[in-house]
Amino acid sequence: MCPEYRGMILFPFCQQQPAVIDTLKTLHYPVGVCPKLAFTMSTSPPEGEILTIKQVADYLKVTERTIYRLAGAKKIPAFKVGGTWRFSKADIDAWIKQQSMEGLDSGRGETP
């Protein structure tokens with residue numbers, strides 16, 4: 001990517017970062033600004049992202065209670081960690097697609 005900056009803390013070029021960069025330099029951290037980085041940084045969520053009840057409720061624009069009911073009834077892909085519900089974002093996205101397809105099929109009068 002930017003081999004000349006190997007071993008440095010890199011930032012994409014940005015007008016708002018000089019204060020952060022100056023602070024890191026003051027603390028003797030090796031810092032560099034790599035213009036190429038601005039085009040190579042991913043803005044997509046990390047692969048395998050795990051969501052909480054609140055995050056899923058916000059994502060689906062429903063109440064947390066609705067998500068609790070769906071998870072308890074096994075109508076939405078979920079798993080428990082130490083008694084707390086967790087959701088794979090990839091599974092939720094696949095579930096949304098599946099729900100959309102089933103909705104289209106039932107709208108046409110077809111049975112799955």
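Worth pointing out:
- Among the residues of the stretch 76-101, the one identified as touching a Pro at 6+ places or on another chain (Cβ under 7 Å) and more than 18 Å from T66 (Cβ to Cβ) is S88.
- Looking only at residues of the stretch 68-112 that are at pLDDT 90 or above and on the phi > 0 side of the Ramachandran plot, we find that the one that is surrounded by the most Cβ atoms within 10 Å (Cβ to Cβ) is K74.
- Any hit, the stretch 37-50, residues being at pLDDT below 60 and touching a strand residue (DSSP E or B) at 6+ places or on another chain (Cβ under 8 Å): yes
The values are calculated or read from the model by the stated rules, or taken from the named source; none is laboratory data. What you see is a predicted model, and the numbers here were worked out from it, not measured in a lab. Please note: Cβ atoms are built from the backbone with ideal geometry, for glycine as well, and neighbour counts cover all protein chains shown.
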